[in-house]
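The values are calculated or read from the model by the stated rules, or taken from the named source; none is laboratory data. All of these numbers come straight from a predicted model, not from anything done at the bench. When we count neighbours, we look across all protein chains shown, and the Cβ atoms used for this are built from the backbone with ideal geometry, even at glycine. Surface areas here come from the heavy atoms of the whole protein model, side chains and all, with no ligands, DNA or RNA. Shrake-Rupley method; radii C 1.70, N 1.55, O 1.52, S 1.80 Å.
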Amino acid sequence: MRFPSPLRPRSLRGQLIGLVAALGLPLVALQGWFAYREYQAAVAESSAESLALADANAERARQFLQQSEGLLQAAALEFGNAYVNSTGPCDDAMRVLMSVFTFVANAMAVDADGNIICSGSGRDASASVRQWATFEAVANGAPIGRAPAMFGTYSGEWVLPIAAPVRNDEGDFVGAIIGSIALTELDQLLGP
């Protein structure tokens, strides 16, 4: 009695199925490998595009903040002494400043001790910004004071406070102009 070989199929049909499987499996594996490579390339490309977009947005935000700081410094240089030395209420002057710099949620003038002299959004007569990082920076000689985002007590929204020093004719620090940039302005800047 003769037994069929276990390595060789008995029929022609079995042999054809074996041949198709032997040729087809490497092709399927090769196609899977190419699909995986394309997927990896797409992931790398999308990652690079996302980083480029994030870099562009960061640059736009940096430029906006630099321009805002420059405008605030110019206002402090031009009008700061008049605001800080004001004998009457200067809240209207701060509101005018806010209408010119529409990105500012609140503008205020403070004296050398950090006491608020006037504010475009109203003020508490006993309020002080002495402990604010922005004020401390300019009081200690920095050309501009910046602080992390905070909830503005007077504006009622999230802001980035920036302070520009006010100096008298002798160059002594006599106060500061503080502008609070609304974070909604940055959102509009970085929007679609």
Problem - Residue tally, condition open to solvent by 80 Å² or more (accessible area, probe 1.4 Å) and within 30 Å of residue 186 (Cβ to Cβ), over region 11-53 - result: 4
Practice task
For region 71-87, indicate whether the set of residues that are of a type outside the set (D, E, K, R), within 13 Å of residue 179 (Cβ to Cβ), at pLDDT below 85 and not in a helix (DSSP H, G or I) is non-empty.
Solution key: no
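Quick one: how many residues across region 9-37 are of a type in the set (S, T, N, Q) and under 60 Å from the mean Cα position of the chain (by Cα)?
Matching residues across region 9-37 total 1.
Yes or no, residue by residue, for (1) more than 19 Å from residue 81 (Cα to Cα); (2) open to solvent by less than 10 Å² (accessible area, probe 1.4 Å); (3) at pLDDT below 90; (4) not hydrophobic (A, V, I, L, M, F, W, C):
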position	(1), (2), (3), (4)
129	no, yes, yes, no
153	yes, no, yes, yes
178	no, yes, no, no
181	yes, yes, yes, no
186	yes, no, yes, no
Exercise for the section: Check whether at least one residue in region 106-117 is farther than 15 Å from residue 166 by Cβ and outside any helix (DSSP H, G or I), and report yes or no. Expected result: yes
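I'm checking my understanding of the structure. Among residues of region 97-127 that are more than 17 Å from residue 152 (Cβ to Cβ) and either modelled with pLDDT of 80 or more or of a type outside the set (A, V, I, L, M) (or both), which one is surrounded by the fewest Cβ atoms within 10 Å (Cβ to Cβ)?
So the residue we want is 126.
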Handout entry: Test: residue 167 is within 12 Å of residue 178 (Cβ to Cβ), modelled with pLDDT of 80 or more and of a type in the set (Lys, Arg)
Key = no
Completion exercise
Given the conditions (1) part of a helix (DSSP H, G or I); (2) small (Gly, Ala, Ser); (3) open to solvent by less than 40 Å² (accessible area, probe 1.4 Å), every one holds for residue 56 apart from (3)
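Is at least one residue of region 82-96 without any contact (Cβ under 8 Å) to a residue 40 or more places away in the chain, of a type in the set (S, T, N, Q) and open to solvent by 80 Å² or more (accessible area, probe 1.4 Å)?
The first filter runs over region 82-96 and keeps only residues without any contact (Cβ under 8 Å) to a residue 40 or more places away in the chain, leaving 82, 86-96.
When the remaining residues are screened for being of a type in the set (S, T, N, Q), the result is 86-87.
Checking which are open to solvent by 80 Å² or more (accessible area, probe 1.4 Å) leaves us with 87.
Yes, region 82-96 contains at least one residue that is without any contact (Cβ under 8 Å) to a residue 40 or more places away in the chain, of a type in the set (S, T, N, Q) and open to solvent by 80 Å² or more (accessible area, probe 1.4 Å).
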Practice task
Return yes or no: is residue 106 touching a residue at least 24 places away in the same chain (Cβ under 8 Å) and either closer than 13 Å to residue 177 by Cα or more than 23 Å from the chain's Cα centre (by Cα) (or both)?
Solution key: yes
